[in-house]
Every structure is written in structure tokens, then in C-alpha cells.
Amino acid sequence: MFSFESDTMLVEDREDLIAVLRMRFGDVSGELIEQIYQIDDMNTLQRLILAAANSANWNIFMNEFQSAEDSFRLLGEDFNPLGDFLKGRDTINGEEKE
């Protein structure tokens, strides 16, 4: 892949990440945007896009954001985007909790 193609894809992934964060959580600080623009690894950006789209809340996303680049642990209810919404309900899938 040519460098300019790679650079364009990095910019697009960074902008996608910021857009998903804004859609899910509202305003994104300038400091976080600067940190996102320092990421030069497409795999890391794609992992963070998935984390942003699926994290139950902001704190879970930030934990993933601050983890090592080779981390990939998007497992469990922490990465259910409806997780916080469903907490405290008396039913699961329309059935009473046991």
C-alpha cells in the first residue's frame, strides 16, 4: 500500500472514531482528540472504533483506550452498548430473573 493511501486511511479511521464517540457519548475533549491523532496504527484505531461502538459507558471505553496497543478484550457485558440501560431490570429477554 502506498504511503498516501495509508495516511488517508489513518485520518479516516481517526475521524470515524471521533464520530462514534460523539454519537455515543456527546462532546469529546480536545485532549482526547489530540491523543487519537497520535495513534498511527490502523489495527489500534479499528479496535477503538469497535470499543467506542460497543462499550456500555464512557469509563469502559476509556479503560480500553488506555490499555496497551496489542490489547483486544472486547468481551462480556462491559461491551454491550445496552448494558447500563438494562441494569436493574427485573426481566431478561422478557422473562423474570431467577
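Side notes on the structure shown:
- Look at region 37-63: where a residue is closer than 13 Å to residue 24 by Cα, no partner that is of a type in the set (S, T, N, Q) and assigned to a helix (DSSP H, G or I) sits 6+ places away or on another chain with Cβ atoms under 6 Å.
- Filter result (part of a loop (DSSP other than H, G, I, E, B), of a type outside the set (Asp, Glu) and exposed (fewer than 12 other Cβ atoms within 10 Å of the Cβ)) within region 10-28: 26
- Among the numbered conditions (1) over 20 Å from residue 9 (Cβ atoms); (2) modelled with pLDDT of 90 or more; (3) over 12 Å from the mean Cα position of the chain (by Cα), the only one that residue 24 does not meet is (3).
- Of all the numbered requirements in (1) at pLDDT 90 or above; (2) acidic (Asp, Glu); (3) surrounded by 11 or more Cβ atoms within 10 Å (Cβ to Cβ), residue 7 misses one, and that requirement is (1).
- In region 29-65, residue modelled with the highest pLDDT [restricted to those that are buried (at least 16 other Cβ atoms within 10 Å of the Cβ) and not in a helix (DSSP H, G or I)]: 39
The values are calculated or read from the model by the stated rules, or taken from the named source; none is laboratory data. It should be emphasised that the depicted structure is a prediction, and the values quoted were computed from it without experimental measurement. Heads up, the Cβs are rebuilt from the backbone with ideal geometry, glycines too, and the neighbour counts pull from every protein chain shown.
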